[in-house]
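Q: Handing you a structure now.
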Amino acid sequence: MSIQIDHVTKRFGSQAVLRSVNLTVPGERTLVLLGPSGAGKSVLLKIVAGLLEPEEGDVQVDGVSIFDAPERAVAAVRRRTGLVFQYSALFDSLTAAENIQFGLDDGLARAPSPELRARVEETMSWVNLEPEAATKYPAELSGGMQKRVAIARAIAGGQRYVLYDEPTAGLDPVNAEAVAQLIRRLQRELGVTSLVVTHDLDLAGRVADTVALLDGGRIQVEVPACYLDSIDHPLIQVRRRARPLHVA
Amino acid sequence: MFGVAARSALSLDLGLGRYVLTLIRNAAAAGSLARSCIKALRYRRVYLPLTFTQVWDIGVSSIPLVLLVAMISGAVTSEQSGYQYNVGTMPASITGMVVTASVLTELGPVVTALVLVGRVGARIGSELATMVVSEQVYAVRSTGRDPVLYLALPRILAGALAVPALVMIADAGGMLAGLGLAVARQPITVADFLEGARSYFYPFVLWFSLIKGLLFGVCITFTACLVGLRAEGGAAGVGRATTSSVVASTVIVMVGDLVLVRLLGVFK
């Protein structure tokens with residue numbers, strides 16, 4: 001049970017965004033991928049999710065290559081993988097409950113079965129969403145609630161792997177803390193394996209087991225979270241000068 | 001002097017090359033979308049309910065606007081033919097004949113298509129482009145589902161179903177408005193008008209109108225889906241996709257009309 005990224009190279013035109021990136025996220029662990037803006041963190045996450053194809057290299061989830069394995073095996077891996085987008089990417093035309101339901105079935109059932117409804121309610125309570133939020137459309141929800149709906153959609157099907165793209169972007173400290181706690185709970189209580197892309201060092205300190213730093217298209221350093229403060233990189237140093245990092 | 005001419009020729013050449021490259025890329029993308037749609041046709045349980053929702057959005061809610069524009073077109077044709085043919089010197093049935101020919105073969109299908117380019121094509125283009133730039137399309141794909149099956153196919157099928165029906169409504173509305181205005185404003189009777197209409201009408205004209213509606217419906221929705229799903233960038237990208245959808249669909253409808261008019265000659 002792990003995510004294995006092997007020599008992944010991705011170019012946009014003549015510009016190489018990722019150069020032979022190697023990274024392993026062990027099962028039931030959380031790896032936080034740090035890096036300055038434009039370092040290619042989100043591109044790597046989309047490659048792991050199978051949304052972008054690398055020019056070179058491979059990604060294996062549960063030992064299944066998501067680019068070379070038969071379609072059926074890849075589909076099974078995708079069902080076990082949830083993705084939380086930077087700006088939530090909720091479907092505007094569906095309510096919060098329907099968005100979560102989309103992660104469970106095709107979201108088309110006009111009257112979802114009692115089991116499906118119970119699963120949606122259970123997932124909503126898991127991410128601390130009030131039942132009243134179920135019938136609201138994304139435009140009627142706050143940023144923090146949208147993020148929690150997005151997380152609920154990503155885990156509703158019992159996904160074993162969750163990929164987070166800047167999960168605290170645009171959130172106030174209270175909501176950012178709630179999201180950090182949620183990521184931690186998912187790992188501890190449900191055994192979810194997480195890959196978190198962020199440049200929020202507070203979040204990294206709170207949720208990571210391992211921290212990797214991506215810059216210049218390469219992994220510059222990969223250390224246990226307790227050594228986060230000792231990473232010698234401008235991104236960390238600037239933050240360290242501001243105030244000491246809190247590591248959970 | 002020579003240098004300037006050479007540079008101009010080179011830039012023209014490069015511009016032309018880029019244009020040709022874009023055309024090839026667009027054609028390849030269109031082929032790929034068409035192939036994906038055909039592949040997705042086996043998942044009826046998924047796309048049928050979504051198609052019916054889209055039929056409502058594209059078809060039923062467009063009826064008032066299509067009917068209004070078609071009635072105005074029919075009325076203008078009636079008025080214009082009465083004026084052009086100087087009723088009194090020509091047979092009284094001429095207005096019915098001209099209105100029938102114009103509305104069934106051209107105005108009904110083409111005016112409906114152009115109204116839908118603005119109303120439906122722009123909406124689909126901007127809706128899908130917004131979904132692309134806000135990563136909603138990625139969200140569909142991340143759940144292991146095909147965006148073509150969920151987003152494009154239902155809209156294209158709805159276009160194929162709804163537009164022929166709208167064309168029939170436009171045909172009827174245009175004819176009735178033409179008849180009403182002719183009787184009110186020209187020295188002719190309902191019987192004169194109907195005699196003219198009957199003298200032109202033959203069954204294939206109605207089929208021709210339907211075929212045009214079907215092809216225009218597919219072209220408008222397909223183009224809008226293609227452009228919308230290939231949008232890039234933020235708000236500017238959505239704007240570009242909307243404009244491209246309207247421009248491309250308008251050109252396709254007009255060129256399609258030019259090509260289809262030959263069909264009428266063949267089957268007459």
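Q: For the stretch A:48-70, what are the residues that are within 18 Å of the chain's Cα centre (by Cα) and either buried (at least 23 other Cβ atoms within 10 Å of the Cβ) or in contact (Cβ under 8 Å) with a residue 40 or more places away in the chain (or both)?
A: Across the stretch A:48-70, the qualifying residues are A:48, A:49, A:52, A:59, A:60, A:61, A:62.
Q: Then there's this: Please specify each residue of the stretch A:123-141 satisfying the condition of being closer than 17 Å to residue A:181 by Cβ, of a type in the set (Ser, Thr, Tyr) and open to solvent by 10 Å² or more (accessible area, probe 1.4 Å).
A: A:125
Q: Of the residues that make up the stretch A:71-79, is at least one under 21 Å from the mean Cα position of the chain (by Cα) and farther than 25 Å from residue B:148 by Cα?
A: Taking the stretch A:71-79 and keeping what is under 21 Å from the mean Cα position of the chain (by Cα), we get A:74-79.
Filter again for farther than 25 Å from residue B:148 by Cα, leaving none.
Checked the stretch A:71-79: no residue is under 21 Å from the mean Cα position of the chain (by Cα) and farther than 25 Å from residue B:148 by Cα.
Q: So if I check each of B:204, B:216, B:222, which one is open to solvent by 30 Å² or more (accessible area, probe 1.4 Å), aromatic (Phe, Trp, Tyr), in a helix (DSSP H, G or I) and closer than 30 Å to residue B:141 by Cα?
A: Working: B:204 fails: closer than 30 Å to residue B:141 by Cα; B:216 fails: open to solvent by 30 Å² or more (accessible area, probe 1.4 Å).
Going through B:204, B:216, B:222 in turn, just one is open to solvent by 30 Å² or more (accessible area, probe 1.4 Å), aromatic (Phe, Trp, Tyr), in a helix (DSSP H, G or I) and closer than 30 Å to residue B:141 by Cα: B:222.
Q: Right, next: Taking the options A:104, A:129, A:141, A:186, name whichever one is among the aliphatic types (A, V, I, L, M) and in the same structural domain as residue A:201 (by TED's automatic domain parsing).
A: Working: A:104 fails: in the same structural domain as residue A:201 (by TED's automatic domain parsing); A:129 fails: in the same structural domain as residue A:201 (by TED's automatic domain parsing); A:141 fails: in the same structural domain as residue A:201 (by TED's automatic domain parsing).
So the residue among A:104, A:129, A:141, A:186 that is among the aliphatic types (A, V, I, L, M) and in the same structural domain as residue A:201 (by TED's automatic domain parsing) is A:186.
Q: Residues that are away from chain B (no Cβ under 14 Å) and at pLDDT below 90: which helices (runs of 4 or more DSSP H) entirely in the stretch A:23-130 hold 3 or more of them?
A: The helices (runs of 4 or more DSSP H) meeting that bar are A:114-126.
Q: It is to be established whether one or more residues within the stretch B:85-96 are surrounded by fewer than 20 Cβ atoms within 10 Å (Cβ to Cβ) and among the β-branched types (Val, Ile, Thr).
A: Looking for residues that are surrounded by fewer than 20 Cβ atoms within 10 Å (Cβ to Cβ) and among the β-branched types (Val, Ile, Thr), one finds at least one in the stretch B:85-96, hence yes.
Q: So which pairs qualify, if the first residue must be in the stretch A:19-45 and in the same structural domain as residue A:194 (by TED's automatic domain parsing) and over 23 Å from residue A:192 (Cα atoms), the second must be among the hydroxyl-bearing types (Ser, Thr, Tyr) and outside any loop (DSSP other than H, G, I, E, B), the Cβ gap must be under 6 Å, and the two must be at least 6 apart or on different chains?
A: Close Cβ pairs satisfying both conditions: A:19/A:9; A:20/A:9.
Q: Over 21 Å from residue B:58 (Cα atoms), open to solvent by less than 50 Å² (accessible area, probe 1.4 Å) and of a type in the set (Gly, Ala, Ser) - does that describe any residue in the stretch B:133-140?
A: yes
Q: Restricting attention to the stretch B:37-69, report how many residues are of a type outside the set (Val, Ile, Thr) and away from chain A (no Cβ under 14 Å).
A: 10
Q: Quick one: which residue in B:41, B:67 is under 30 Å from residue B:185 (Cβ atoms) and modelled with pLDDT of 90 or more?
A: From the options B:41, B:67, the qualifying one is B:67.
Q: Select from the stretch A:60-85 the residues that are of a type in the set (D, E, K, R) and touching a helix residue (DSSP H, G or I) at 6+ places or on another chain (Cβ under 8 Å) and write down the one among them that is nearest to residue B:137 (Cα to Cα).
A: A:78
Q: Okay, next question. What helices (runs of 4 or more DSSP H) completely inside the stretch B:111-166 contain at least 3 residues that are within 14 Å of another protein chain (Cβ to nearest Cβ)? Don't jump to the end; show me each part of the working.
A: Numbers: elements: B:112-116, B:122-133, B:136-142.
Counting at least 3 such residues, we get B:122-133, B:136-142.
Q: Next question. Looking for something closer than 20 Å to residue B:201 by Cβ and at pLDDT 95 or above - is there at least one such residue anywhere in the stretch B:136-154?
A: Within the stretch B:136-154 (the criterion being closer than 20 Å to residue B:201 by Cβ and at pLDDT 95 or above), the answer is no, since none of the residues qualifies.
Q: To continue, here is another question. Are any of the residues in the stretch A:210-219 over 28 Å from residue A:79 (Cβ atoms), at pLDDT 90 or above, out of contact with any helix residue (DSSP H, G or I) (no Cβ under 7 Å at 6 or more places or on another chain) and surrounded by fewer than 17 Cβ atoms within 10 Å (Cβ to Cβ)?
A: Scanning the stretch A:210-219, I find at least one residue that is over 28 Å from residue A:79 (Cβ atoms), at pLDDT 90 or above, out of contact with any helix residue (DSSP H, G or I) (no Cβ under 7 Å at 6 or more places or on another chain) and surrounded by fewer than 17 Cβ atoms within 10 Å (Cβ to Cβ), so the answer is yes.
Q: Among the listed residues B:87, B:46, identify the single one that is modelled with pLDDT under 95 and more than 30 Å from residue B:172 (Cβ to Cβ).
A: Result of the check over B:87, B:46: B:46.
Q: Please find, among A:2, A:37, the residue that is closer than 22 Å to residue A:157 by Cα, open to solvent by 20 Å² or more (accessible area, probe 1.4 Å) and among the hydroxyl-bearing types (Ser, Thr, Tyr).
A: Among A:2, A:37, only A:2 is closer than 22 Å to residue A:157 by Cα, open to solvent by 20 Å² or more (accessible area, probe 1.4 Å) and among the hydroxyl-bearing types (Ser, Thr, Tyr).
Q: OK, next. Given the condition of a type in the set (Ser, Thr, Tyr) and in contact (Cβ under 8 Å) with a residue 60 or more places away in the chain, answer yes or no: does some residue in the stretch A:208-216 qualify?
A: Here is the first cut: in the stretch A:208-216, the ones of a type in the set (Ser, Thr, Tyr) are A:210.
Right, trim to in contact (Cβ under 8 Å) with a residue 60 or more places away in the chain and you get A:210.
Scanning the stretch A:208-216, I find at least one residue that is of a type in the set (Ser, Thr, Tyr) and in contact (Cβ under 8 Å) with a residue 60 or more places away in the chain, so the answer is yes.
Q: Moving on to the next point. Can residue B:74 be described as touching a residue at least 12 places away in the same chain (Cβ under 8 Å), assigned by TED's automatic domain parsing to the domain that holds residue B:198 and more than 25 Å from residue B:190 (Cβ to Cβ)?
A: Judged against the criteria, residue B:74 is not a match.
Q: Residues in the stretch A:148-168: is at least one part of a helix (DSSP H, G or I) and of a type in the set (Asp, Glu)?
A: no
The values are calculated or read from the model by the stated rules, or taken from the named source; none is laboratory data. What you see is a predicted model; the values in this text were computed from it and never measured. Cβ atoms come from the backbone with ideal geometry, glycine included; neighbour counts cover every protein chain shown. Only protein heavy atoms, including side chains, enter the accessible area calculation; ligands, DNA and RNA are left aside. Shrake-Rupley method; radii C 1.70, N 1.55, O 1.52, S 1.80 Å.
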